């Protein structure tokens, strides 16, 4: 069986890129096609992978300007030659699922979400630092981008969603069914016997839609120590509202981030996430979470068992949850056991099962009709 993996872009390290690394371990001989690739950002997990990069790598200053090249990504993914492959696995929250796949090949899309830029534009940009003129210019591209995204969804034989929330979005956006396979958590990376520190933790890209402002404001008001790990365009705006109890650590190494998880009082997930991998990484380290009760957190957080959910996207609601999480002792062994249910081994077993089922249906000519039912 000849397999190809296609990912939107490999120019930053995050949860989706960790999935690609696990797929690479599952299919080590499969080439990975992507629009842009920055080996320094991705690091060791794909050091031995056959990564095949589109013509976009020749664009000037692409590391800095990759967001400005939005209109070019559809053309880049359509340029990949996937002839001769039996299975094409697209790992996509944007453009990868738009690849041209031979009719006889199975196209399985592991979908993190339908394209945010196209379908959730206002939520994605409402709190960002984009100028009004830039937002207006971007909005003008939405009709064409939505048509392209909807049309290319019909080239997918089987959608696999990362969460219940994303499965619902796939149904609403594309009119397609999907199976749910939760992303893998590297549980073995964490220890549960570290002494608890005095700080709360956020680990996230510093983007406006992540609602990190809620965590910064709540911890500033309560005077709680907060460490924000991550980089992104909203750092300056967040620093402007932060009090002395908030520290911005920037981007850390995996080892440094692991240590931050293991020693924090609790992790804060203040925004609506597609899945929320960090909640389970905190649990794997024996730490509870405080999370917004919407989106992927509803799959990963058990209220009052593995953390505390807050229901309003306000600093006051988060403040109440932060007080509550401090009122009790959390059993690190039980938290770790919860995270084990989302381990890499569980992901691999589940993913292989869905892939085998999809391949069998493809042979019988039943994919598509069954999937849309």
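Annotations for the structure displayed:
- Rounded tilt (10° steps) of 142-153 against the dominant C-alpha axis of the chain: 70
- A crude spin-label estimate for the pair residue 353 and residue 326, with each label 7 Å from Cα along the Cβ direction, gives 4.3 nm.
- Residue separation of residue 147 and residue 104 scaled by 0.36 nm, minus their Cα-Cα distance, works out to 13.0 nm of gained length.
- Measuring nothing but alpha carbons in the chain and taking Rh as the Kirkwood radius, the Rg to Rh ratio lands at 0.96.
- The residues 157, 48, when put in order of fewest to most other Cβ atoms within 10 Å, stand as 48, 157.
- Each residue, residue 168 and residue 241, gets one label point 7 Å from its Cα in the Cβ direction; the gap between the two is 2.5 nm.
- Alpha-carbon Debye profile of segment 188-340, log10 I(q)/I(0) at 0.10, 0.14, 0.18 Å⁻¹: -0.29, -0.58, -1.02
- You can think of it this way: the chain between residue 48 and residue 63 has 3.2 nm of extra reach, that is 0.36 nm per residue less the Cα-Cα gap.
- Take every Cα pair under 8 Å whose residues are at least 6 apart in sequence, average their separation, divide by the length of segment 161-251, and the relative contact order is 23 percent.
- For the chain, built as a Gaussian network whose Cα springs stay under 10 Å, the top-fluctuating residue of 161, 339, 150: 150
- Here the gap between residue 364 and residue 1, fully extended at 0.36 nm per residue and compared with their Cα-Cα distance, gives a gain of 129.0 nm.
- Equivalent ellipsoid of segment 11-116: semi-axes from √(5λ) of the C-alpha gyration tensor, largest first, are 20, 17, 14 Å.
- Residue among 283, 11, 65 with the largest mean-square fluctuation in a Gaussian network model of the chain, springs linking Cα atoms under 10 Å: 65
- Cα gyration tensor, segment 202-271 - rounded (a/c under 1.5), prolate or oblate: oblate
- MRE, 222 nm, helices only [DSSP H, n ≥ 4, -39500 (n - 2.57), over the chain, to nearest 500]: -11000 deg cm²/dmol
- Sorted by Cβ density within 10 Å, fewest first, the residues 267, 59, 10, 238: 59, 238, 10, 267
- Here the label points at residue 192 and residue 313, each 7 Å from Cα along the C-beta direction, are separated by 3.4 nm in the simple model.
- Sequence of 6, 246, 227 once ranked by neighbouring C-beta atoms within 10 Å, starting from the fewest: 227, 246, 6
- Relative contact order, whole percent, for segment 188-340 stands at 24, derived from Cα pairs under 8 Å and 6 or more residues apart.
- Length-normalised contact order of segment 145-203 in % [C-alpha pairs under 8 Å, at least 6 apart]: 27
- Helix 254-263 axis versus longest C-alpha principal axis of the chain: approximately 40°, rounded to the nearest ten.
The numbers here are math on the coordinates, done by the rules we state, and not lab data. Treat the numbers as computed from the prediction; the structure is a model and nothing was measured. Here the Cβ is made from the backbone with ideal geometry for all residues, glycine too, and neighbour counts use every protein chain on show.
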